[in-house]
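S.K.: Below is a structure I'd like to ask you about.
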Amino acid sequence: MDKSTHEIRFTQWKQIISQCQNRPKGQTAKQWLADNQIGEKSYYYWFRKVRKEAYRELQDNPPLPAMPGNNDITFAEMLLDNKPKEELFVSFRPAAVIKTSQATVAFSDNISDRMLSRILKEVTHA
């Protein structure tokens, strides 16, 4: 099989696999394959080939590490718009404030759900 034929078939196999993986809830793969007139043995043969190719690509192109070298976390103070620090805090109007015996946390109304969840998790374990 020449390279272009292989690429076309491989693309078709990936589409079929993707469609089967995204089948309606409650429908089994076997039912989906029968409804779409696809042989079960053929499907799993294609699935195995696509999975092996994906694994081979991962081996050839390993993901980059999140942070190279030293993983120590450091913090730096940043001033915005060259305003004095006192002026920055005066203009902040919190939408919510949580106070514990050890910390006070003020939130703006545009905080992300992910950040809010993370802060609440840390405050409850403090």
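S.K.: Give me the extension gain from SER42 to SER112: residue separation times 0.36 nm, minus the current Cα-Cα distance, reported in nm with one decimal.
M.R.: 20.7 nm
S.K.: Would you compute the Debye intensity of the range 1-52 from its alpha-carbon atoms alone, equal scatterers and no solvent, and pass along log10 I(q)/I(0) at q = 0.14, 0.21 Å⁻¹ to two decimals?
M.R.: -0.37, -0.75
S.K.: Need one number: nm distance between label points at THR28 and ASP2, each 7 Å from Cα along Cα→Cβ, rounded to one decimal.
M.R.: With each label point 7 Å from Cα toward Cβ, the separation is 4.3 nm.
Just so you know, all these numbers are worked out from the coordinates, no wet-lab data involved. Please read these numbers as outputs of a predicted model, since none were measured by experiment. With ideal geometry, Cβ positions are generated from the backbone for all residues, glycine too; neighbour counts draw on all protein chains shown.
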